[in-house]
Each structure stands twice: as C-alpha cells, then as structure tokens.
Amino acid sequence: MTTIQPRPIVPTLAPVRLQAKLARTIFEQVLDRVPVDVVLPDGSPLRRSAASGSEPSGIRPTVELRRPSAFFERLAHHPKIGIGEAYMAGDWRAAPGTDLADVLRPFAARLTTAIPRRWVALRQVVDRAIPHDQRNTLTGSRRNIEAHYDLSNDLFAAFLDETLTYSSALFDRTAPLEGQSLEDAQLRKVHAILDEARVGDGTTVLEIGTGWGTLAIEAARRGAHVTTLTLSREQAALARDRAAAAGVADRVDVRLEDYREARGSYDAIVSVEMIEAVGEEYWPTYFRAIDSLLAPGGVAAIQAILMAHDRYLVTRRSYGWIQKHIFPGGLIPSLRAITDVTQRGTELRVTGVHRFGLDYAETLRRWRATFMAQWPQVERLGFDETFRRKWEFYLAYCEAGFDSGYLDVAQIRFERQGPDTVRGASPSAGVAQDAA
C-alpha cells in the first residue's frame, strides 16, 4: 500500500539554502515563545527554549532533529505542510521520554502568538490556496471521501473500539477516565445525539454520514426507521452486514448517496462529524438540504469539530497538511459560521449546544496508543513506514489541538423558528443548483 511521499529535498540550490536559513531563524525565534527544547543529531542544543512552562509531568518536551538541513528546507518550502512532512520523512522525532502530543501541544496552545509579529506578514507569501481539485462537488466529494475512508476497513478496525466509531466519544466526567471503556463512551455519544434529535419508537431518521453503521443500529434498536447515507463503498458494505448481524436490517436502509441527492421527509436528521468534509462552499447547500428534508416539527442534530471564529477566518482559504495528507476537501467551521449560514439560508435555528473537546483529546489518545500497538497488524495490510509516521503525526496533532483548546467538538441541535412550513418531498431548486 503506497502513501503520498513528502516532497524530495534538493539541497544544492542556493535559493533553497537561503530560504532554509530564514526558516531556521524564524523557527529559533518561535522557540523563544514555546516551551519545547530542540537538539541536533549529536545531542547538542539547536536552541534551548527561553519560554517558561513544561508538561504536567514537569518534563520539558524535547525534539530531536535527525536531518536538520532537510527539516529546514521542508519548512522553507511550506511551513504549514513542512513540519508534518518532515515527520513523515523521519527528519525529526520526539526525543525518548517525550510523547509526540506533548511536543505538539505547546505549539497548538500558542498558535496565535508563537510567530513574532515581524514575521506574521509572511503568511501572505507562504499560504497556499486549497487546490481546485479538492472542491466538494458531487464527483469531488466521492473522490475526497474514498481517499480516506476507503483505505481499508481492516485498518480502521485495528485501532477503533468494537463500535467502529470514528468520531469523538463522550466520557462521563463524574467518574475516573481510566475506568471507562472507549466502547461505552462511544455509545454514550451516540445516544446523546439521538436524544438531541428526539429519536424514539416510530421516528423516521435520516443520517448523513453512515460511518460503519453504529448510530443507525442504535437508532433502529430504539424502534426508529433509519435511512443512512454514505459515499464510501467500504463503509456501506460493512454497515449493512453489521445491521443484519444486529437484527435490525429491516429498519436500516444504507444508501450510497450524496446528501444533495436525498429525497423524502424525516422526523429527525442526524450527522456526526460530516460537516467538516462538506467544504465551506457547500455549507449553505448542506443546511438547505437538511431544512428541506426535515418534516414539520422535526429536529436536526449534528456533531461538529469547531474552532474559534477568528482562527476559522484565518485558515479558511489556506491549504494545510491535514488537507493534503488526511482529509482532502476538509475544513473545520466555527459555531458562528454555522449559525450565520443557517440564519441566512434556512429556517433552522440553533437551540442547543453541548461542547466536549477534552473528550476528543482522550479519544485520540486512545486511538493512537492502539494504532501504535497494532502497527504490526496494520503493516501486514500493506501500509509502509511513511504511512505509520503520517498517522502517528495525524492522531497526535489532533489530540494536541483538542487538549490545548485550539479545537473543540460539540453536538448542536437545530429546530425551525416560528410556525412550521410544510416541506416538499425533495430539496429546493437552490440545492440542486449548488450540487452541480
């Protein structure tokens, strides 16, 4: 199994060396603000961070630069992508005794202040637009989803819990975390969002984003009739098998279908961590589809990864490592962006928000530990060492984002404001136009 390789480094060109020198200068100044130490291959310090602070353990995180020249050349080529690609290539690693997330967390916590003001203007030079071929058109969405979710069901089964749930769990914060299984926390999350959408016996439910079928199965066990949509053939096949094994196949209809192609009227619509894959361009389409498909008096509930609105505005048009290597076409919204879109184009209004970002950090911590422990099994599926480092970085990078508060996750309930308007059996003309 191949993976996207980091860009080859050609260290002989003078302009590249000059850019790498500038990248090193900026990086060293960042270390004055971030409490992470960096050492060279011989163990000597590149620069001991002048910033105060350490991990809760009292140990300062330390990075080993194994190939300094390659590291700074990647950083010069594209700062937002270079750090991750340098990790994939083995140019740097967390030093023995330092966890990778502990290295990344201080940077995530200081993302808005780490770069000295004199260098902030360079953002306009180094930022790159999201590639046009990652647009989430009807065909583009299928391609983007397949790039991640169709890697292998066996890959995901190797590190997920028995529910095969690939989104944040919801832990009971009144009890010690170490005594709670991930499976129980995932089912708690599923039932929390079903409660938000008021799913019960006889409810007709539309799920946008099937995953491997756990939410649909749990809704069916409540007596609901579920239509669930996915663009992943791998997920659809396994979700059908799991629904049959659970004895609810007669109440779960798994469809290989885009939300823009959906028809019907539903008492409840649920969508767990799907909006991040929709793309900003299609957020109005997504929420108009929900509005059009929701029956009078119905409730919609989505689970969404969120970031602060000011950070969303800065990153919304910028191409990053996650978009290149993990989730093509993805973009994380802010709650304000979601509210603005629904208020402008739909009758849906936010009537409830439950945030639990630290639970996502714990979820990711457990996924990464299991992924690393199960690596021999994953490797036998045909994945290489570059893939291993890519996924280790991805899981630790996201864990640090949630643990630092840079990222959040929430279950958001939507209802119509004022007297209900009876909806037709298909999305509006505006939805159809935007789907092109």
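The values are calculated or read from the model by the stated rules, or taken from the named source; none is laboratory data. This structure is a prediction, so every number in the text was calculated from the model and none was measured. As a convention, Cβ positions derive from the backbone with ideal geometry for all residues, glycine included, and neighbour counts pool all protein chains shown.
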Legend entry - Condition check for Ser141: farther than 30 Å from Leu18 by Cα, at pLDDT 90 or above and assigned by TED's automatic domain parsing to the domain that holds Tyr166: no
Legend entry - Members of region 217-229 that are among the aliphatic types (A, V, I, L, M) and more than 14 Å from Tyr266 (Cα to Cα): Ile217, Ala220
Inset, instruction - With the checklist (1) farther than 21 Å from Cys398 by Cβ; (2) modelled with pLDDT under 95; (3) not β-branched (Val, Ile, Thr) in hand, flag the one item Leu65 doesn't pass. - result: (2)
Legend entry - Every residue from region 362-396 that is more than 23 Å from Pro176 (Cβ to Cβ) and among the hydroxyl-bearing types (Ser, Thr, Tyr): Thr386, Tyr394
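Residue by residue, here is whether (1) closer than 30 Å to Met88 by Cα; (2) of a type in the set (Ser, Thr, Tyr) holds:
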site	(1), (2)
Ala300	no, no
Leu306	yes, no
Tyr312	yes, yes
Thr339	no, yes
Val350	no, no
Arg368	yes, no
Legend entry - Among residues of region 242-286, those that are in contact with a strand residue (DSSP E or B) (Cβ under 7 Å, 6 or more places away or on another chain), within 20 Å of Glu347 (Cα to Cα) and β-branched (Val, Ile, Thr), counted: 3
Inset, instruction - Evaluate region 317-333: report whether one residue or more is surrounded by fewer than 17 Cβ atoms within 10 Å (Cβ to Cβ), on the phi < 0 side of the Ramachandran plot, of a type in the set (Gly, Ala, Ser) and assigned to a loop (DSSP other than H, G, I, E, B). - result: yes
Legend entry - Count of region 1-28 residues which are modelled with pLDDT of 65 or more, buried (at least 16 other Cβ atoms within 10 Å of the Cβ) and polar (S, T, N, Q): 1
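How many of the residues making up region 396-407 are more than 16 Å from Ala86 (Cα to Cα), assigned to a helix (DSSP H, G or I) and not acidic (Asp, Glu)?
So the answer is 5.
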Inset, instruction - Give me a count of the residues in region 355-395 that are within 18 Å of the chain's Cα centre (by Cα) and assigned to a loop (DSSP other than H, G, I, E, B). - result: 1
Legend entry - Only one of Val341, Val378 that is touching a helix residue (DSSP H, G or I) at 6+ places or on another chain (Cβ under 8 Å) and within 30 Å of Arg135 (Cα to Cα): Val341
Legend entry - Every residue from region 279-316 that is in a strand (DSSP E or B) and out of contact with any helix residue (DSSP H, G or I) (no Cβ under 8 Å at 6 or more places or on another chain): Leu294, Ala295, Pro296, Gly297, Gly298
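Here are Ser152, Ser232, Ser168: which of them is among the hydroxyl-bearing types (Ser, Thr, Tyr), assigned by TED's automatic domain parsing to the domain that holds Ala262 and touching a strand residue (DSSP E or B) at 6+ places or on another chain (Cβ under 7 Å)?
On inspection, the qualifying residue turns out to be Ser168.
Of the residues Arg288, Arg255, which is basic (Lys, Arg), under 24 Å from Ser334 (Cα atoms) and under 25 Å from the mean Cα position of the chain (by Cα)?
Arg288
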Inset, instruction - Test Glu399 against the criterion of being without any contact (Cβ under 8 Å) to a residue 24 or more places away in the chain and of a type outside the set (Lys, Arg), and give yes or no. - result: no
Legend entry - Filtered residue count, region 362-384, keeping only those that are exposed (fewer than 13 other Cβ atoms within 10 Å of the Cβ) and in contact (Cβ under 8 Å) with a residue 24 or more places away in the chain: 1
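Condition check ((1) modelled with pLDDT of 70 or more; (2) in the same structural domain as Ile322 (by TED's automatic domain parsing); (3) not in a helix (DSSP H, G or I)) across all residues:
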position: Lys80; (1), (2), (3): yes, no, no
position: Glu85; (1), (2), (3): yes, no, no
position: Pro96; (1), (2), (3): yes, no, yes
position: Pro106; (1), (2), (3): yes, no, no
position: Ala114; (1), (2), (3): no, no, yes
Inset, instruction - Looking only at region 338-354, decide whether some residue is touching a residue at least 60 places away in the same chain (Cβ under 8 Å) and within 13 Å of the chain's Cα centre (by Cα). - result: no
